Amino acid sequence: MILPAVRDPRLITVHRGGLLSDDDHRSLALWAAECAEHVLHLFEELEPSDSRPREAIDGIRAWTRGELAMMATRALGGHAMGAARPLHGCARFAAYAAGQAACVAHVPEHDLGAAAYAIKAARAAARDGLELSAGRKELEWQRDRLPSSVRKLVLEDQERRNNICWSLFDG
């Protein structure tokens, strides 16, 4: 579970009564897509004929351009998570990252799900003894790509939700 019991109004869109602008919502979605795509090869190497995670990432990008409805994008996220379920290790986590990224269209807070699963994928792909280092490297890579408009918000949210995101944002 990566969603908090109490939602932060800064991560609820304005049209739903929160404070998050549509532009910032799209920024979170694009960042989540980038996080997921960074580890997607870990899934595609194992399951080259399964395009569901790639379609989820493409879907969230299309949503940010206004080319795909939220419900269709969310459904693509569910399909990517379906691709993850029978798998283990890095491929599973990479597919979950893609699914979480697509679900940002529905709930912006899924951005941390994409980031957290990408870190889990990087850790799982690392050689024995290098898992924590690989996770830190992935976290740094992600943070380097945070859009300035949402950087502070995401870093504060990582701190707030770190314990429900497997403590992956400790750095």
Expected sort for 27-37, 143-153 on mean C-beta neighbours within 10 Å, highest first, is 27-37, 143-153
Checked segment 85-135 against the a/c 1.5 cut and the a/b vs b/c comparison, axes a ≥ b ≥ c from its Cα gyration tensor; verdict oblate
Quick calc of log₁₀ I(q)/I(0), segment 14-79, Debye, one scatterer on every Cα, no solvent, q values 0.26, 0.29, 0.30 1/Å, result -1.15, -1.27, -1.30
Under 18 Å by backbone N from the virtual spin label 7 Å along Cα-to-Cβ at SER149, the residues of segment 102-116 are 104-112
Here FRET efficiency (C-beta to C-beta, SER49 to ARG16, R₀ 41 Å, nearest 0.05) is 0.60
With the charge dipole of segment 32-118 built from beta-carbon charges (+1 for Lys and Arg, -1 for Asp and Glu) about the Cα centre, the Cα from ALA94, SER49, VAL104 projecting farthest to the positive end belongs to VAL104
Given 57-63, 8-14, 93-99, the highest-first ranking by average Cβ count within 10 Å works out to 93-99, 57-63, 8-14
Quick note, segment 83-171: a/c under 1.5 would make it rounded; otherwise a/b > b/c is prolate and the rest oblate (a ≥ b ≥ c, C-alpha gyration tensor); here it is oblate
Quick calc, segment 1-119, dipole around Cα centre from Cβ unit charges on Lys, Arg (+) and Asp, Glu (-), nearest 20 debye, gives 340 debye
Probe 1.4 Å, heavy atoms of protein chains only: per residue, the accessible area of the chain in Å² is 47 Å²
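The values are calculated or read from the model by the stated rules, or taken from the named source; none is laboratory data. The model shown is predicted, which means the values in this text are computed figures rather than measured ones. Because the Cβ atoms are built from the backbone with ideal geometry, glycine has one as well, and the counts that use them run over all protein chains shown. Accessible surface areas use protein heavy atoms only, side chains included; no ligands, DNA or RNA. Shrake-Rupley method; radii C 1.70, N 1.55, O 1.52, S 1.80 Å.
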